[in-house]
Number of protein chains: 2
Amino acid sequence: MKLYNAAMPAPNPRRVRMFLAEKGPKAVAAVELVDVDIMKGGLRTPEHLARNSVGQVPVLELNDGTFLSETVSICRYLEGEFPDPPMFGRSPKEQAFIDQWTRRVELRLGTPAGMFWRHAHPFTAKVVVPQYKEFGESNREHYNSAVKWLDKELSGRIFVAGDDLTIADICLLSLVDFADWIGLKLSPDAGNVKAWHERVSARPSASA
Amino acid sequence: MKLYNAAMPAPNPRRVRMFLAEKGPKAVAAVELVDVDIMKGGLRTPEHLARNSVGQVPVLELNDGTFLSETVSICRYLEGEFPDPPMFGRSPKEQAFIDQWTRRVELRLGTPAGMFWRHAHPFTAKVVVPQYKEFGESNREHYNSAVKWLDKELSGRIFVAGDDLTIADICLLSLVDFADWIGLKLSPDAGNVKAWHERVSARPSASA
């Protein structure tokens, strides 16, 4: 398989690389990384748009030549290929709760971080217009209040969805690090999130 | 099981009701609907926040008393309880592509529709402040261009993810109807989306 990839700080390809690293060397070896040069318009070439009409990375090229997009969907496919350790849950109940947490991370924390990046960050101002700056800035508060909400939820928990590392943790790590990079720092009183962040960042897969 | 529910035009509980209707009478009978009065602050009561700290519906109360949130996660759980007809796919490959389409519907069409509703709609102006109206209005164009993109993608296809009705169709129907209700009409030249919309709206489950 081939993964159309982009280097850090791009948060989405990182999620797939970390997922593969958690699955182990056999999974890592099964997927060839092909870098797409985002800064040089690589997402808008006819070749890349044929892989993903949305013009984003990551894209997974399956062994039969089919192209699959959407980070979590790619990981879901790879879960089928490399079931151990399970990161989307075993039983339907586990699967549903891990899915709930993944969605909460993406929707509650990811949306305001994304809107801040799109509408308030000086880098984006150079490439995507128009920005609605006041709206963009308002997302700082939404991100902070989502972190505060998450901090309560993580009380007494090792990982986002329970005792095991799952796709929800991978989504959260990539998001928190990206948010930090664009200027949305974790609030100093988010002790549970910070402890979780240290725990997950210490894993070798975090630097994949 | 109990589904904490809200009537139309609320788009999210409708997705679960339609999902159950597609699964058949046994599935419908297994889930008791409990209406939450959104207009009277029912999402912010201590009872409801104990079910879902995010303060949203739908919430599914499982037979063991656990509460599960997030519409698609609830449907995913119900898929395990009522596997036929499969609406999240059979093989890992089918599952991954249905997931990709569900996410594309939610992220590419759902995000601009939601931002328009939140920031440009007069109804929301009464209850959620502040609105960033110019930003809100800009989402009309994003929604339209996402519909245009989808229209190309649906060319020659019966349902969003292929030949069978899946969770991706349920998400799209609920979204397109909600968007229409808030003033985002389907562009007249979106012929494939319109044909798809007529096809899915004609199913008895669409009025569940």
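The values are calculated or read from the model by the stated rules, or taken from the named source; none is laboratory data. This structure is a prediction, so every number in the text was calculated from the model and none was measured. Virtual Cβ from ideal backbone geometry, glycine too; neighbours counted across all protein chains shown.
For this structure, a couple of remarks:
- Helices (runs of 4 or more DSSP H) fully within the stretch A:124-208 counting 2 or more residues that are of a type in the set (A, V, I, L, M) and closer than 29 Å to residue A:83 by Cα: A:167-181, A:191-201
- Being within 30 Å of residue B:184 (Cα to Cα), buried (at least 21 other Cβ atoms within 10 Å of the Cβ), outside the structural domain of residue B:148 (by TED's automatic domain parsing) and of a type outside the set (Gly, Ala, Ser) is not true of residue B:98.
- Exactly one residue among B:64, B:37 is closer than 28 Å to residue B:128 by Cα, more than 18 Å from the chain's Cα centre (by Cα), of a type in the set (Asp, Glu) and surrounded by fewer than 16 Cβ atoms within 10 Å (Cβ to Cβ), and that residue is B:37.
- Subset of the stretch B:55-78 (residues that are without any contact (Cβ under 8 Å) to a residue 12 or more places away in the chain and within 9 Å of another protein chain (Cβ to nearest Cβ)): B:64, B:66, B:68, B:70, B:73
- Any hit, the stretch A:36-55, residues being within 30 Å of residue A:162 (Cα to Cα) and either in a helix (DSSP H, G or I) or touching a strand residue (DSSP E or B) at 6+ places or on another chain (Cβ under 6 Å) (or both): no
- Qualifying positions in the stretch A:79-123 - assigned to a helix (DSSP H, G or I), of a type in the set (A, V, I, L, M) and more than 9 Å from chain B (Cβ to nearest Cβ): A:105, A:109, A:113, A:120
- Some residue of the stretch B:174-197 being buried (at least 23 other Cβ atoms within 10 Å of the Cβ), touching a residue at least 40 places away in the same chain (Cβ under 8 Å) and more than 15 Å from residue B:11 (Cα to Cα): no
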